[in-house]
1. Could we say that L168 is surrounded by 19 or more Cβ atoms within 10 Å (Cβ to Cβ), touching a helix residue (DSSP H, G or I) at 6+ places or on another chain (Cβ under 8 Å) and not β-branched (V, I, T) here?
2. Could you count how many residues in the range 18-60 are assigned to a strand (DSSP E or B), acidic (D, E) and farther than 12 Å from V233 by Cα?
3. Tally time: how many residues in the range 163-178 are at pLDDT 95 or above and either within 16 Å of ligand 1 (Cβ to nearest atom) or on the phi > 0 side of the Ramachandran plot (or both)?
4. Do we have R139 as within 26 Å of R58 (Cα to Cα), at pLDDT 95 or above, open to solvent by 30 Å² or more (accessible area, probe 1.4 Å) and away from ligand 1 (no atom under 16 Å from the Cβ) here?
5. Restricting attention to the range 30-45, which residues are within 11 Å of ligand 1 (Cβ to nearest atom) and surrounded by fewer than 21 Cβ atoms within 10 Å (Cβ to Cβ)?
6. With respect to S203, is the statement that it is modelled with pLDDT under 95 and farther than 16 Å from A44 by Cβ true?
7. Looking at P125, P117, P84, which one is part of a loop (DSSP other than H, G, I, E, B) and away from ligand 1 (no atom under 16 Å from the Cβ)?
8. Which of the residues that make up the range 179-196 are more than 16 Å from ligand 1 (Cβ to nearest atom), open to solvent by 40 Å² or more (accessible area, probe 1.4 Å) and of a type outside the set (V, I, T)?
Amino acid sequence: MSDPLLRARDLTKRFTARGPLGSKAEFTAVDQVGFDVELGETLAVVGESGSGKSTTARLVAKLMEPSGGTLEFEGEDITHAKGPALARYRGKVQVVFQDPFSSLNPRHTVERILTAPLVYQGIAPRGSRREHAKELMERVGLNPDHSLRYPAQFSGGQAQRIGIARALAVGPKLVICDEAVSALDVSVQAQVIELLRRLQRESGFSYIFIAHDLAVVRQIAQRVAVMSKGRIVEQGPCEQVFTAPRDPYTQTLLAAIPRIDPEWDRRRREHVTKEKG
Ligand SMILES: Nc1ncnc2c1ncn2[C@@H]1O[C@H](COP(=O)(O)OP(=O)(O)OP(=O)(O)O)[C@@H](O)[C@H]1O
Ligand SMILES: [Mg+2]
């Protein structure tokens with residue numbers, strides 16, 4: 001058996017909350033979470049607000065130190081990686097956040113935004129920086145003639161494409177999308193999902209795709225992990241988890257989503273009937 005791209009085991013994050021009269025209370029936001037991500041696949045992470053999805057993403061991206069557990073990347077323990085090892089890891093794992101405008105520097109041109117990751121990684125682009133930025137813009141469906149514009153001059157969907165292009169700049173193996181399409185209008189959302197799928201087909205990297213919309217998850221992910229109160233309560237292939245959820249929380253989550261896919265809904269109900277009968 002070869003190593004998965006990413007292996008998380010017992011990943012835990014505790015926060016200390018300060019209460020009245022200087023009292024302190026420990027709060028476990030991520031509680032012994034474990035999952036694998038294989039190269040080229042998409043693992044979705046779903047769950048209610050506050051269930052620990054973004055904290056898990058931050059731990060995996062190493063934007064935050066875990067309180068416990070381990071992280072391995074390509075077979076290497078990177079749980080407490082620092083210095084050059086951490087810099088190398090940052091070149092392989094990138095994050096796309098929900099709000100493109102707050103994650104893009106408003107005073108930098110798109111060209112500067114898209115070349116900054118290369119400068120940080122000490123990578124020399126093949127052509128000039130300008131060519132590199134234009135190439136990235138083309139890959140994500142933006143007009144390369146707009147490389148000297150500022151983020152505010154783009155629409156929400158276009159700005160998110162800049163965020164995606166920035167993530168791709170260093171040639172990552174894992175891209176973490178934390179609600180990356182959640183704030184977009186439905187039609188724009190569909191286009192950005194299509195873009196994410198195409199980029200994955202072209203480059204073969206993996207996604208950890210955090211979303212609360214299960215219909216979106218079904219369009220992009222092969223496997224899904226369901227989080228509740230800091231724990232993964234169920235994980236497996238989307239087909240299995242969505243049509244035959246074993247965990248009561250997953251069942252509630254599925255019952256709450258609008259029925260936009262009749263075929264899926266029919267299979268799901270068939271299964272529930274079978275279970276009962
Ligand atoms: N830096 C922090 N300090 C203290 N508590 C935090 C911190 N970051 C997150 N939390 C808490 O940890 C819990 C999990 O938060 P997290 O942002 O991971 O949830 P989420 O699943 O991403 O939610 P949402 O769907 O709303 O984005 C929440 O109760 C949150 O308030
Ligand atoms: Mg979140």
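1. Numbers: surrounded by 19 or more Cβ atoms within 10 Å (Cβ to Cβ): yes; touching a helix residue (DSSP H, G or I) at 6+ places or on another chain (Cβ under 8 Å): yes; not β-branched (V, I, T): yes.
Yes; evaluated as a whole, the condition is true for this residue.
2. Filtering the range 18-60 down to residues assigned to a strand (DSSP E or B) leaves 18, 24-37, 42-47.
From the residues that got through so far, the ones that are acidic (D, E) too are 26, 31, 36.
Of the ones still in play, those that are also farther than 12 Å from V233 by Cα are 26, 36.
The qualifying residues number 2.
3. Total satisfying the criteria: 3.
4. Working: within 26 Å of R58 (Cα to Cα): no; at pLDDT 95 or above: yes; open to solvent by 30 Å² or more (accessible area, probe 1.4 Å): yes; away from ligand 1 (no atom under 16 Å from the Cβ): yes.
Judged against the criteria, R139 is not a match.
5. D31
6. Working: modelled with pLDDT under 95: no; farther than 16 Å from A44 by Cβ: yes.
So S203 does not fit the description; no.
7. On the way: P117 fails: part of a loop (DSSP other than H, G, I, E, B); P84 fails: part of a loop (DSSP other than H, G, I, E, B).
From the options P125, P117, P84, the qualifying one is P125.
8. Passing the criteria: D185, S187, A190, Q191, E194.
The values are calculated or read from the model by the stated rules, or taken from the named source; none is laboratory data. Quick caveat, the model's predicted, so the values are computed rather than measured. Cβ: placed from backbone, ideal geometry, glycine included. Neighbour counts: every protein chain shown. When the accessible area is computed, the model is the full protein with side chains, heavy atoms only, and any ligands, DNA or RNA have been set aside. Shrake-Rupley method; radii C 1.70, N 1.55, O 1.52, S 1.80 Å.
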